[in-house]
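Structure first, then comments.
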Amino acid sequence: MKPRGRRKPRAIPEVLTPEEQTRLLGRLEPTDCPGKLRNLALVRVMLNSGLRASEARAVKVRDIDWNSGRLKVRGKGGKDRVIWLAGNDLILLKNWLDHKPSSTRMPSSTLVFTSLDGTKPLCGRWLRKLVTRLATQAGIDKRIHPHTLRHTFATNLLRQEKNLFTVMKALGHANLSTTQIYLHLEDEELETAMKKLGNGKQNDFQTV
């Protein structure tokens with residue numbers, strides 16, 4: 001029997017700052033064409049809900065409760081979870097669905113995000129290229145990919161709620177230890193303490 005190897009430590013993920021998030025979304029406004037409307041709805045929902053790329057591409061119209069904003073997500077390993085969409089994102093989604101053509105090959109009652117003619121599901125490669133292109137156009141000097149939006153959501157939610165368990169549920173993690181990586185990204189107490197310590201010592205140095 002092979003001995004279990006040590007688990008590889010997880011690297012601290014890259015996230016977008018609030019200003020970078022605004023710049024990224026700004027590349028899709030105004031929504032003066034169906035393509036921009038669909039892409040803005042897709043990127044905003046991912047950024048505000050923490051969906052994985054595969055989960056976002058698999059969202060069906062019937063998965064959304066348009067009154068409450070409740071969204072049923074089929075996650076990793078076939079595990080279901082429930083999250084909620086904000087009112088502004090629901091409006092954006094409805095606007096996109098109003099513009100999305102129906103197709104006999106893919107009825108409008110199935111996938112939310114499809115090709116512009118409504119006949120094909122979105123592919124993962126296309127989504128990666130979209131996010132990378134938007135980041136480049138926004139002048140964001142980081143390696144940005146769809147999962148960056150999920151990392152950013154987790155950091156935003158932790159910053160707002162200060163509750164790691166809430167973040168774990170939203171992301172669909174099975175173990176809290178997986179979610180703990182975000183503590184390294186959002187730790188105001190540590191930031192304040194270290195800045196206070198450094199500032200307190202600045203007067204201790206004397207010019208010789």
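List the number of the failed condition for Arg62; all other conditions in (1) on the phi > 0 side of the Ramachandran plot; (2) loosely packed, with under 13 Cβ neighbours inside 10 Å hold.
Every condition holds for Arg62 apart from (1).
Please name all residue pairs, on different chains or six or more residues apart, with Cβ atoms under 6 Å, provided the first residue is in the range 120-146 and is farther than 13 Å from Leu47 by Cβ and at pLDDT 95 or above and the second residue is open to solvent by 80 Å² or more (accessible area, probe 1.4 Å) and among the β-branched types (Val, Ile, Thr).
none
Identify, from the list Ser49, Ser68, Ser103, Ser54, the residue that is open to solvent by less than 30 Å² (accessible area, probe 1.4 Å), modelled with pLDDT of 95 or more and of a type in the set (Ser, Thr, Tyr).
Exactly one residue qualifies, and that residue is Ser49.
Note down all Cβ pairs under 9 Å where the first residue falls in the range 185-199 and is open to solvent by less than 60 Å² (accessible area, probe 1.4 Å), the second is among the hydroxyl-bearing types (Ser, Thr, Tyr) and at pLDDT 85 or above, and they're at least six residues apart or on different chains.
Partner pairs satisfying both residue conditions: Leu185/Thr155; Glu186/Thr155.
Would you call Val82 more than 24 Å from Thr152 (Cα to Cα), out of contact with any Cys (no Cβ under 7 Å at 6 or more places or on another chain) and surrounded by fewer than 19 Cβ atoms within 10 Å (Cβ to Cβ)?
no
The values are calculated or read from the model by the stated rules, or taken from the named source; none is laboratory data. Please read these numbers as outputs of a predicted model, since none were measured by experiment. Note: ideal-geometry Cβ built from the backbone for every residue, glycine included; neighbour counts use all protein chains shown. To get the accessible areas, we keep the full protein, side chains included, count just its heavy atoms, and leave off ligands, DNA and RNA. Shrake-Rupley method; radii C 1.70, N 1.55, O 1.52, S 1.80 Å.
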